[in-house]
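Take a look at the structure below.
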Amino acid sequence: MEKVPYLGQTLTRWQVGKSTFLALPEHGARLMHWHLGLGDGSERDIIHWPEDADFSAFPKVRGGNPILFPFSARTFDAGEIGHWRDPAGQRRPMPMHGFARDGVFKVNRLDARGFTAVLVPSEASREAYPFNYEFCVAYRFSELGLACELTLRNLDTQPIPWSAGHHFYFTVPWTQGLSRADYAIRIPATRTHRQDPTGKLVPGPTLKPEERLDNPALVDAFHLGLKSNAVTFGAPAGPGQITVRHGTAAVPPAEATFVTWTMSPESPFYCVEPWMGPPNAPETKIGLHWVQPGQAQSFVVEVAVK
């Protein structure tokens with residue numbers, strides 16, 4: 001573990017076996033980059049980070065793993081985006097993907113295998129999410145993978161709602177000469193949804209258990225009713241496939257969600273995102289979780305290269 005300067009920032013770098021991880025724990029608890037050293041001396045990027053990243057617009061950088069908290073994606077109140085209604089019935093603002101990805105974090109663990117960082121609420125985040133709580137992001141790195149645990153601790157006298165998620169930007173393709181069409185993804189979902197312009201969930205595309213990553217129907221699809229917690233993607237006949245696990249139970253809750261998304265056919269990344277539930281959970285109540293006073297809940301995901 002060491003500190004390294006990068007574009008006016010001070011980052012933390014971990015070398016764990018053949019894997020190198022780069023993060024900015026104090027800003028969004030953001031894992032920025034992960035690459036793997038190969039036997040021939042070359043390197044393979046696992047988590048994409050753009051070389052021209054603009055740190056003045058950090059939440060909008062297409063790379064790393066932005067943390068989505070307290071809610072994932074777009075929230076609505078009575079058809080109007082960017083709002084939600086709190087348990088007391090008051091309409092409140094809520095940015096896209098919440099506010100943690102642009103938040104200030106205090107690091108309370110930094111060691112040879114990862115870090116733990118605690119969100120420092122701002123005035124704007126208190127207006128959006130008016131509770132007394134502690135939100136922690138804990139990473140643990142290994143030679144061929146990582147685990148990330150999001151924990152919400154209720155320090156209030158009332159139940160607190162949340163539906164958090166991850167926005168992993170995976171480098172695809174990762175082998176020279178291949179394209180997305182050469183990669184397949186296996187998602188053990190029994191139904192899919194999309195979100196309409198008013199925030200409602202509507203039926204999504206009909207997909208096979210295994211689809212090629214160049215299938216446009218995968219983009220912005222929400223996969224629910226998971227028969228197992230593992231999504232795997234890569235070249236079907238080759239090594240180096242990536243598995244993302246949603247939670248620690250072999251079969252997640254029915255509302256647990258994976259999201260598949262990319263910006264364009266030419267983007268150097270493909271996002272496979274484990275969320276606690278689909279978007280607009282405060283309004284639809286689908287995938288909305290509650291933490292009781294004095295209690296804590298955690299959401300764990302794991303990523304591994306095989």
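All of the numbers you see were taken from the coordinates with simple rules; none came from a lab. Worth saying up front: this structure is predicted, and the values here are computed from it rather than measured. Note: ideal-geometry Cβ built from the backbone for every residue, glycine included; neighbour counts use all protein chains shown.
Observations, loosely collected:
- Relative contact order for segment 2-305, counting Cα pairs under 8 Å that sit 6 or more residues apart, in percent: 18
- Distance from the alpha carbon centroid of segment 241-306 to that of segment 60-96 works out to 16 angstrom.
- Segment Q15-S42, length gained on full extension (0.36 nm per residue, minus Cα span): 8.2 nm
- Ranking V251, A281, F222 by Cα position along the charge dipole of segment 148-284, where only Lys, Arg, Asp and Glu carry charges on their C-beta atoms, puts V251 farthest toward the positive end.
- A simple rule links phi to the HN-Hα coupling: the Karplus curve 6.51 cos²θ - 1.76 cosθ + 1.60 with θ = phi - 60°, which for segment 290-302 gives 10, 10, 6, x, x, 10, 9, 10, 10, 10, 10, 10, 10 Hz, with x for Gly and Pro.
- When +1 charges are put on Lys and Arg Cβ atoms and -1 charges on Asp and Glu Cβ atoms, the dipole computed for segment 2-98 relative to its Cα centre reaches about 300 debye.
- Of L226, L38, L207, the one that fluctuates the most in a GNM where the chain has Cα springs shorter than 10 Å: L38
- Extension gain, V104 back to S142 (0.36 nm per residue minus Cα-Cα distance, nm): 11.1 nm
- Note, ³J(HN,Hα) from phi for segment 268-279, Karplus 6.51, -1.76, 1.60, rounded to Hz, x at Gly and Pro: x, 9, 9, 9, 10, 10, x, 10, 5, x, x, x
- Cα lying deepest toward the dipole's positive end in the chain, options V137, T192, M263, charges on Cβ: T192
- Positive minus negative residues near P274 (Lys, Arg vs Asp, Glu; Cβ under 14 Å): -3
- Near L226, once Lys and Arg are set to +1 and Asp and Glu to -1 for all other residues with Cβ below 13 Å from its Cβ, the sum equals +3.
- Helical mean residue ellipticity (222 nm; -39500 (n - 2.57) per DSSP H run of 4+; nearest 500) of the chain: -500 deg cm²/dmol
- Reachable lysines, given that their alpha-carbon falls under 18 Å from the alpha-carbon of K3 and they are not under 8 places away in the same chain: K106
- Phi to ³J(HN,Hα) by Karplus 6.51 cos²θ - 1.76 cosθ + 1.60 over segment 248-257, Hz, x for Gly, Pro: 9, 7, 4, 10, x, x, 4, 8, 4, 10
- Length gained on full extension, E127 to Q292: 57.3 nm, using 0.36 nm per residue less the C-alpha separation.
- Residue (of P70, L7, T20) at the positive-pole extreme of segment 1-101, dipole from beta-carbon charges: P70
- Residue among A256, A112, A100 with the largest mean-square fluctuation in a Gaussian network model of the chain, springs linking Cα atoms under 10 Å: A112
- Anisotropy class of segment 2-305 from Cα gyration tensor, a/c 1.5 cut: oblate
- Taking amide H as placed 1.01 Å from N in the peptide plane, V16 has its amide H under 5 Å from the amide H of F21, each at least 5 places away in sequence or on another chain.
- Electrostatic dipole magnitude of segment 2-305 [Cβ: Lys, Arg +1; Asp, Glu -1; Cα centre; debye, to 20]: 520
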